[in-house]
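Structure first, commentary second.
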Amino acid sequence: MDDLFSLYTTAVRASFGQISKREMRGIISVMGAMMFSKQPLSDNVLVMLPGVKIGNSDVMPLIRKGLASVIDSGPILHFHHRSFEDFLLSGFFLQELPRFSTVQDRGHHERQLAVLCLKTLVSSKLHFNMCNLESSVTKNVDIQPTVISPLISYSSLFWVDHLIQTQSDTKMMEAVKFMMHKKLLFWLEVMSLAGYIYDAYLILKKALSWKVCVQVISL
């Protein structure tokens, strides 16, 4: 694999060799999310990660151009060569491109994704009657869940999967508490409309195990 990894190293250096520290932060956030997210994410979601948006612009065009040979060109960003992910997680990558070392920090990226999910769920994006139903007796088959944004759908399904990979702090605990006390019914509505209501119990069970673990550690 050394020859292939050397080729990837040359491509990354040629594409990102002259970028600023702020641009590097955004590129690292996106590459980490591409590896550790539970589903491929769109540019509209990735741009909400730390460092991706810089002023009135963002680094997504830079990433799409720089990684054009290893990512799909469609609206959902993901690597189409598994070997490139192997490269990003290898010791070879760490040795040749130490400036990008944070790409390999799974805990860092899991936390960023957890924060993104929780910020979404505690915001006004998650609200009563997400699909603007005129009647509470509307059948699920008659509902078009496409009005639920990809960010809401992803956050609703995977917030706990990212949460349990992180350590707690006050802001994280407050966000989870707000979610459980103020947004729980709205979240259950989304899970039901998206066809995942039977997964809600397991998700809440994971959240409880994270909370218990955090309390034990704090003692």
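Annotations
- Helical content alone sets the calculated 222 nm signal of the chain at -18000 deg cm²/dmol, taking -39,500 (n - 2.57) per DSSP H segment of four or more residues and averaging over every residue.
- Percent RCO, i.e. relative contact order, over region 2-104, from Cα pairs under 8 Å lying at least 6 residues apart: 31
- Positive-pole candidate from 121, 148, 28, dipole of region 1-157, charges at beta carbon: 121
- The share of C-alpha pairs in region 59-119 whose separation exceeds 20 Å stands at 40 percent.
- GNM flexibility winner over the chain from 112, 104, 18 (Cα, springs under 10 Å): 18
- Rounded to the nearest 20 debye, the dipole magnitude of region 2-104 is 400 debye, with +1 charges on Lys and Arg beta carbons, -1 on Asp and Glu beta carbons, and the Cα centre as origin.
- Taking a straight Cα-Cα cut-off under 25 Å and skipping sequence neighbours fewer than 8 places away in the same chain, the lysines within cross-link reach of residue 171 are 38, 53, 119, 125, 182, 183, 205, 206, 211.
- Rounded Å value of the spacing that divides the Cα centres of region 95-124 and region 1-65: 12
- Residue order for 205, 53, fewest other beta carbons within 10 angstrom first, comes to 205, 53.
- Net length gained if the chain between residue 21 and residue 43 were fully extended (0.36 nm per residue, minus Cα distance): 5.9 nm
- Between the amide H of residue 71 and those of 80, distances stay under 5 Å, these residues lying 5 or more places away or on another chain, with hydrogens modeled in the peptide plane.
- Structure remark: mean-square fluctuation, Gaussian network model of the chain, C-alpha springs under 10 Å; the largest value among 14, 175, 114 belongs to 14.
- The percentage of C-alpha pairs in the chain whose separation is greater than 28 Å is 37%.
- 3J(HN,Hα) along region 76-87, derived from phi through the Karplus expression 6.51 cos²θ - 1.76 cosθ + 1.60 where θ = phi - 60°, amounts to 9, 7, 7, 6, 9, 10, 4, 4, 6, 5, 4, 4 Hz, with x in place of Gly and Pro.
- Among 70, 30, sorting on how many other beta-carbon atoms sit within 10 Å of each Cβ, with the fewest leading, yields 70, 30.
- Residue 41 long-range amide H proximity, modeled H, under 5 Å: 77
- You can think of it this way: the chain between residue 4 and residue 94 has 30.9 nm of extra reach, that is 0.36 nm per residue less the Cα-Cα gap.
- Counting beta carbons within 10 Å around each of 93, 87, 178 and listing the fewest first gives the order 178, 93, 87.
- Taking 147, 115, 45 in turn, the Gaussian network model of the chain (Cα-Cα springs below 10 Å) assigns the largest fluctuation to 147.
- Taking 0.36 nm per residue of sequence separation and removing the Cα-Cα distance, the residue 106/residue 181 pair yields an extension gain of 24.1 nm.
Values quoted throughout were computed directly from the atomic coordinates according to the rules given, and no laboratory measurement underlies them. Quantities reported herein were computed from a predicted structural model and do not represent experimental measurements. Here the Cβ is made from the backbone with ideal geometry for all residues, glycine too, and neighbour counts use every protein chain on show.
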